[in-house]
Amino acid sequence: NAGVTQTPKFQVLKTGQSMTLQCAQDMNHEYMSWYRQDPGMGLRLIHYSVGAGITDQGEVPNGYNVSRSTTEDFPLRLLSAAPSQTSVYFCASAKVAGEQYFGPGTRLTVT
Amino acid sequence: AQSVAQPEDQVNVAEGNPLTVKCTYSVSGNPYLFWYVQYPNRGLQFLLKYITGDNLVKGSYGFEAEFNKSQTSFHLKKPSALVSDSALYFCAVRPTSGGSYIPTFGRGTSLIVHP
């Protein structure tokens, strides 16, 4: 199993540009989620999904969209990038009641 | 709403000494509790979890954690620290029923083990 994969590993955007961060898992997990990690802030939940076709907002959803058309994939879209979105983004998946499996992260810089 | 507090931003310990990383939580009903470790430039890795049963939970790399319901705590421990244990540690909680089933994470504690 590849586990949870994320692409790209690094990305630099200009303010106002849009992009999609990709996340895929091959463990048939129901739950998937996106977090951002900033120094001193820990992990903050952006959006999550409890199954294909079902998504919901987390703690910091503004400026981000998600969709979940398949069990495996959970892309995160930045609609119009802002410097405040400079962060490290992690995707995670889990079974019901189980621990989360995290991807390696995407380091995003918005200039 | 659920929450996690990790009261120490940083814990320093000498190699070979026991270590404790503290975590307290707040959740409606019974908790599921987790510890994760993050090495530099890596994603989080699962260490151990408490679901039910024995209050002392053993996990990866010789770590263990003690669930204390009356003190709402889930402290991470290791009898003898290694320099390679130096990393960022996160505690997480979610309710066993109700809610989103997505855990809430603490802000993390940086563990530094000195040779």
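Every number in this text was worked out from the coordinates using simple rules, so none of it is lab data. Quick caveat: nothing in here was measured; it's all calculated off a predicted structure. All Cβ positions, even for glycine, are placed from backbone atoms using ideal geometry, and neighbour counts span all protein chains on display.
Remarks
- The stretch A:67-111: trypsin sites (Lys or Arg not before Pro) in DSSP coil with no more than 14 other Cβ atoms inside 10 Å: A:LYS95
- Loop sites in the stretch A:6-111: GluC sites (Glu not before Pro), DSSP, at most 13 other Cβ within 10 Å: A:GLU59
- Here the stretch B:3-114 is assigned +1 on the Cβ of each Lys and Arg and -1 on the Cβ of each Asp and Glu. Its dipole about the Cα centre then comes out at about 240 debye.
- Among the trypsin sites (Lys or Arg not before Pro) in the stretch B:55-98, those located in a DSSP loop and surrounded by at most 13 other Cβ atoms within 10 Å of their own Cβ are B:LYS69.
- Straight-distance crosslink candidates among aspartates and glutamates, where the alpha carbon sits under 12 Å from B:LYS58 and sequence neighbours closer than 8 are dropped: B:GLU66
- Averaged over the residues of A:96-103, the number of partner chain Cβ atoms lying within 10 Å of the residue Cβ comes to 6.
- Least to most buried among A:CYS23, B:CYS91 (fewest other Cβ within 10 Å first): A:CYS23, B:CYS91
- Global geometry of chain B, whether rounded, prolate or oblate, following the gyration tensor of its Cα atoms and the 1.5 cut on a/c: prolate
- Cross-link pairs exceeding 32 Å in C-alpha to C-alpha distance, out of A:LYS14/A:LYS95; A:LYS95/B:LYS78; A:LYS14/B:LYS49, comprise A:LYS14/A:LYS95; A:LYS14/B:LYS49.
- Debye, to nearest 20: dipole size of the protein assembly as shown, +1 on Lys, Arg Cβ, -1 on Asp, Glu Cβ: 280 debye
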